[in-house]
Amino acid sequence: MKFKYCISLLLLVMSPYIHGGLMAQQEAYKVLYLLPFHVENADEIEVDRIKDMDDLYAVKSFDLFGFWEGAKMALQQFDKDGVALEIYVRDVCQDETKLETVLHEFEDKPLNLIIGPLYGKPFARAAMFAKERKISLVNPFSNRNDFLENNPYVFKAVPAVSACPQLLNKLVLQKLENYNLIFWTDPKNRHKMLPHFEMYCAEKEIPYQTVALSDGSGALTKKLVDGKVNVVIAFYENNDVKVIQNIQELALKDQKVLLVAPESWLSIHNIDMKALNQLHFHYFSNYFVDEAEPAVELFETEYVAAFNSHPSLSRYSYQGYDITRYFVELLRNQYNFYKVEIQPLSFGFDFQKILDGGYENQKQHLLRIENLRLEEVTPETTYTY
């Protein structure tokens, strides 16, 4: 059964190391994964109660298992290409004592790259370890950038929020002949993206109006202008009922509206997709997978053959592949970004070094719903309304 296979593989993950593509004449790159598998709870898993994949992934040990499966797909590709790798995998959750044990294990062992851990406190300690030993360390999912300060060995893979205003201006605003920009804000809960938009618009002299969420939809309606595309940016992640109500009311307006809002709105139960389509809904996202891409189709086929399950963004399958492929290639190319030719499946990678610190990814995705389809906005995307 798939479920028994996963549990067996979970235990196998903790073996001392895995060899991939080792060649006698080539020194292996040494990569350490620090991932939260909760192996200490593995013997408590009741296999007979697991009836489908939803049951399996409800087990805490498998929260990030898709990431490891995706990583294994990348490692297998390096193996085929004859790249010498020595892979270590350790179970590190939020227990800092366990992390200290792992770091002590590798204190006198050479390492070239560390991926993880995925939680804040353990990552901060791992970042100190990496800095002391001059080892590159990748944070795959955190939005925090304080880890980057005064540490040139840390890479933050999640894109910078500060890149969003420029991206919207380049891909949308500059393509509209006549627009009216409105910031729809919640003063009680200031959104992390809002100050970046305020600063960018001030710098570029882009005029905008502001409407408070607490003033109701009527206040927003008064700001809409006939004959212009009203670009409304919603800087709030409110309760589901309020969001649905606001979407429906905005969709009833006669004026042209292009709504930019948080990605979290799409996870709201019973969200009105027709209303979002009518509002030309746009949102920023850390990841996007184009199912029509040949590379994606090939990955999915090989993934199903290897693991008897489908990859997904929600289980981090694509992200595990992308992180492994990109950073091992970066390592092989002595950290020359221009020489890395790997095309990621879900991430976009464009790293910039912060002053006296590490590297932060600047490549955000801007997505939209158009003709009831989800698509990525690119420089080639047109706007005709």
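Restricting to the chain, what percent of DSSP beta bridges are antiparallel, rounded to 5? Roughly 30 percent of the beta bridges in the chain run antiparallel, per DSSP. Any chance you could give the angle, 0 to 90 degrees and rounded to 10, that helix 120-133 forms with the longest Cα principal axis of the chain? Rounded to the nearest ten degrees, it is 60.
Against the main long axis of the alpha-carbon atoms of the chain, helix 194-204 sits at an angle near 70°. Peptide packing for 320-333, 194-207, 227-240 was compared via the average number of neighbouring C-beta atoms within 10 Å per residue; ordered from the highest value, the list is 320-333, 227-240, 194-207.
For percent of Cα pairs over 31 Å apart, computed directly from the structure shown, the correct entry in (1) 44; (2) 50; (3) 38 is (1). Accessible surface for the chain, divided over its residues, is 49 Å² per residue with a 1.4 Å probe.
With a 1.4 Å probe and every protein chain kept in, tell me what percent of the accessible surface of the chain is carbon plus sulfur. Carbon with sulfur: 48 percent of the solvent-accessible area.
Please work out whether segment 144-231 counts as rounded, prolate or oblate from its C-alpha gyration tensor, where a ≥ b ≥ c are the square roots of the eigenvalues and a/c under 1.5 means rounded, while otherwise a/b larger than b/c means prolate and anything else oblate? Because a/c hits 1.5 or more and a/b fails to exceed b/c, segment 144-231 counts as oblate.
Post the alpha-carbon centroid distance, segment 122-166 to segment 295-314, in whole angstrom. Computed from Cα coordinates, the inter-centre distance equals 29 Å. Of the whole protein surface, LYS192 contributes about 110 Å² of accessible area at a 1.4 Å probe radius. In the chain, the longest principal axis of the Cα atoms and the axis of helix 294-307 are about 50 degrees apart. Kirkwood analysis of the Cα pair distances in segment 271-385 returns a hydrodynamic radius of 16.4 Å.
The values are calculated or read from the model by the stated rules, or taken from the named source; none is laboratory data. Predicted, not measured: the structure shown is a model, and the values here were computed from it. Positions of Cβ are generated from backbone atoms using ideal geometry, with glycine treated the same way; all protein chains shown enter the neighbour counts. Quick note on the areas: whole protein, heavy atoms, side chains included, nothing else; ligands and nucleic acids left out. Shrake-Rupley method; radii C 1.70, N 1.55, O 1.52, S 1.80 Å.
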